[in-house]
1. So which strands (runs of 3 or more DSSP E) stay within the range 1-108 end to end and still have 3 or more residues that are over 16 Å from P130 (Cα atoms) and in contact with an Asp or Glu (Cβ under 8 Å, 6 or more places away or on another chain)?
2. If you check R120 against the conditions, is it assigned to a strand (DSSP E or B), out of contact with any helix residue (DSSP H, G or I) (no Cβ under 9 Å at 6 or more places or on another chain), surrounded by 14 or more Cβ atoms within 10 Å (Cβ to Cβ) and among the charged types (D, E, K, R)?
3. Check whether at least one residue in the range 55-74 is among the polar types (S, T, N, Q) and either over 21 Å from D18 (Cα atoms) or surrounded by fewer than 13 Cβ atoms within 10 Å (Cβ to Cβ) (or both), and report yes or no.
4. For the range 90-109, how many residues are buried (at least 16 other Cβ atoms within 10 Å of the Cβ) and either among the aliphatic types (A, V, I, L, M) or within 20 Å of V16 (Cα to Cα) (or both)?
5. When you look at R87, is it in contact with a strand residue (DSSP E or B) (Cβ under 9 Å, 6 or more places away or on another chain) and surrounded by 18 or more Cβ atoms within 10 Å (Cβ to Cβ), yes or no?
6. Can you confirm whether the range 123-141 contains a residue that is farther than 24 Å from S27 by Cβ, surrounded by 13 or more Cβ atoms within 10 Å (Cβ to Cβ) and at pLDDT 70 or above?
7. Between residues in the range 32-48 that are over 18 Å from I58 (Cβ atoms) and residues that are outside any loop (DSSP other than H, G, I, E, B) and among the small types (G, A, S), which pairs lie under 9 Å by C-beta distance while being six or more apart or on different chains?
8. When you go through (1) modelled with pLDDT of 95 or more; (2) touching a Pro at 6+ places or on another chain (Cβ under 6 Å); (3) not aliphatic (A, V, I, L, M) one by one for D107, which number turns out not to apply?
Amino acid sequence: MTEQPNTSIHGSAVLVGDHAVLIRGPSGSGKSRLAFDLLLAGRAGQIAPAMLVGDDRIHLRLRGGELIASPAPALAGLIEIRGLGLRHCPFVAEARLRLVVDLNAADAGRLPSPESLRTRLNGVLIPRIPVKQGCSGLPLVIAALTTTADSSTQADSSDCSKEFGNHISPTIATG
């Protein structure tokens with residue numbers, strides 16, 4: 001298995017289910033807040049169980065064609081909570097990166113272009129959510145983790161016990 005050296009980036013990461021969400025953005029944009037909101041959403045059952053990977057500084061390395069996120073050793077298990085300061089939090093040592101969220105993204109829009117919904121990190125193409133300045137990223141991340149982009153292929157409503165005909169397919173978090 002091929003492994004390359006770490007790349008260190010300014011950001012936060014949360015493991016949701018078995019996929020990590022990397023949160024990037026300028027200082028003060030709400031990276032730690034979104035990370036903590038994801039932890040709370042996981043505890044509330046809105047998304048798969050969630051656990052901190054790291055806050056403020058994330059190391060990325062390529063292993064077997066996948067990006068692996070891990071916390072900076074000096075910050076492992078710490079998260080900044082605005083108004084409380086640094087707090088200890090359970091964390092995982094590494095997680096496969098499956099989604100990138102860019103806060104205060106200049107290309108965020110109501111109907112983003114397909115190109116803006118992916119990014120390349122260390123040569124790996126990863127789904128991306130651009131979030132407009134002043135908007136909460138949490139609903140967008142939850143939507144990305146729990147819905148699919150293509151609703152044009154629906155199964156016959158007779159297959160649905162509730163007869164709604166809106167069948168859910170595997171998502172980033174489950175697929």
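1. Numbers: elements: 7-10, 12-16, 19-24, 50-54, 57-63, 66-71, 78-81, 85-88, 95-103.
Qualifying strands (runs of 3 or more DSSP E): 57-63, 66-71, 78-81, 95-103.
2. Details: assigned to a strand (DSSP E or B): yes; out of contact with any helix residue (DSSP H, G or I) (no Cβ under 9 Å at 6 or more places or on another chain): yes; surrounded by 14 or more Cβ atoms within 10 Å (Cβ to Cβ): no; among the charged types (D, E, K, R): yes.
Against the criterion (assigned to a strand (DSSP E or B), out of contact with any helix residue (DSSP H, G or I) (no Cβ under 9 Å at 6 or more places or on another chain), surrounded by 14 or more Cβ atoms within 10 Å (Cβ to Cβ) and among the charged types (D, E, K, R)), R120 does not qualify.
3. no
4. Here the count works out to 13.
5. Numbers: in contact with a strand residue (DSSP E or B) (Cβ under 9 Å, 6 or more places away or on another chain): yes; surrounded by 18 or more Cβ atoms within 10 Å (Cβ to Cβ): no.
For R87, the condition - in contact with a strand residue (DSSP E or B) (Cβ under 9 Å, 6 or more places away or on another chain) and surrounded by 18 or more Cβ atoms within 10 Å (Cβ to Cβ) - is not met.
6. Our first condition is that a residue be farther than 24 Å from S27 by Cβ; within the range 123-141, this holds for 123-125, 127.
This time we only want the ones that are surrounded by 13 or more Cβ atoms within 10 Å (Cβ to Cβ), so: 124, 127.
So of that shortlist, the ones also at pLDDT 70 or above come out as 124, 127.
Yes: the range 123-141 contains one or more residues that are farther than 24 Å from S27 by Cβ, surrounded by 13 or more Cβ atoms within 10 Å (Cβ to Cβ) and at pLDDT 70 or above.
7. L40/A50; A41/A50; G42/A50; R43/A50; I47/A41; A48/G42
8. Unmet for D107, out of (1) modelled with pLDDT of 95 or more; (2) touching a Pro at 6+ places or on another chain (Cβ under 6 Å); (3) not aliphatic (A, V, I, L, M): (1).
The values are calculated or read from the model by the stated rules, or taken from the named source; none is laboratory data. Quantities reported herein were computed from a predicted structural model and do not represent experimental measurements. All Cβ positions, glycine included, derive from the backbone under ideal geometry; neighbour counts span all protein chains shown.
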